[in-house]
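Have a look at the structure below, then the notes.
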Amino acid sequence: SDHQLVYPPCPEQMDWSTLYPDYVVQDDEPEAAPGAAEGEANQETTTPAPVRPKRLTQDVEVADIGCGFGGLLVALAPVMPETLVLGLEIRVSVTQFVEDRIKVLRHQNKDTGLYRNAGVLRANTMKFMPNFFKQGQLSKIFICFPDPHFKARKHKQRIVSTTLNSEYAYVLKPGGIVYTITDVPDLHGWMVQHFEAHPMFERVGEEEQEADPLVEIMRTATEEGKKVERNKGQKHVALFRRLPDPVLP
Ligand code: SAM
């Protein structure tokens, strides 16, 4: 449960170095933490200043929320090799599976360096998104086949809601895109309704949607999508653009 989840107090304190070791800034001088000098003079009263985590040469820009077994993640990583792609998953064993999957792929592709830009993190995205990501950090968020929570009293557990959409708007840069796909028509309607009603999002038109090569990858690469395919189910896609920040008077 959540009390076992580790999350940073703020994005600046997030240590990404173990997820993306090839992107760690080399010869990064550790910043003199505030109060460090006083600490030397008066060690009894000053607690050690926190050490800033190792920095990366670039930030994570693409997040797959509830990434499951990581099918989309490992399909996206080689098509956007210059971008750091992150899967977020709440289940411990599933997160471990994806971590191992990435490790194997990196090893198999060590000559080309592919998959160094893929990482996975165990997290409850309903609670801690702004702890991991700075305002406007992400350019794309994928929400693929989220748990439908059919019963009305369970709707509050859906990962698309007015409150959560505000968090997605916060971590996305203006012009950033939320990609959604589901085989549940009612959930598709719910996601469309909640994003269209949100002042910080507009739906992307069908022509633009179908011209985006990532949409086809999203339709075919996830484990849940493959299951729907086998069962000859329908896949409903909707994309939403993060609007520019409003100009305050
Ligand atoms: N996106 C994957 C796919 O299409 O194959 C997995 C879909 S699966 C139906 C939904 C996933 O979301 C599960 O792996 C579940 O553990 C994860 N999940 C549910 N709630 C979550 C939360 N609050 N934070 C992170 N992951 C969550």
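The values are calculated or read from the model by the stated rules, or taken from the named source; none is laboratory data. Here the structure is a predicted model, which is why all the values come from computation and not from measurement. Note that each Cβ is placed from the backbone with ideal geometry, even for glycine, and that neighbours are counted across all protein chains shown. These area figures cover heavy atoms from the full protein model, side chains too; ligands, DNA and RNA do not enter into them. Shrake-Rupley method; radii C 1.70, N 1.55, O 1.52, S 1.80 Å.
Quick notes on this one:
- Among SER93, SER161, SER139: highest mean-square fluctuation, GNM of the chain, C-alpha pairs under 10 Å: SER93
- Accessible surface ranking for MET126, MET80, 1.4 angstrom probe, highest first: MET126, MET80.
- A crude spin-label estimate for the pair VAL247 and ASP27, with each label 7 Å from Cα along the Cβ direction, gives 4.5 nm.
- When you restrict to C-alpha pairs under 8 Å that are six or more residues apart and normalise by the size of the chain, the relative contact order lands at 19 percent.
- Cα gyration tensor, segment 138-188 - rounded (a/c under 1.5), prolate or oblate: oblate
- Surface composition of segment 130-249: carbon plus sulfur atoms contribute 54% of the solvent-accessible area (1.4 Å probe, protein chains only, all chains present).
- A full extension of the chain between VAL92 and GLN58 corresponds to an added length of 9.6 nm, given 0.36 nm per residue minus the alpha carbon distance.
- Kyte-Doolittle mean at least -1.0 and Cα axial length at least 20 Å: DSSP H helices in the chain: 92-108
- Ratio of Rg to Rh for the chain: 1.01 [Cα atoms; Kirkwood radius as inverse mean 1/r over pairs].
- At a probe radius of 1.4 angstrom, the accessible area of the chain per residue rounds to 55 square angstrom.
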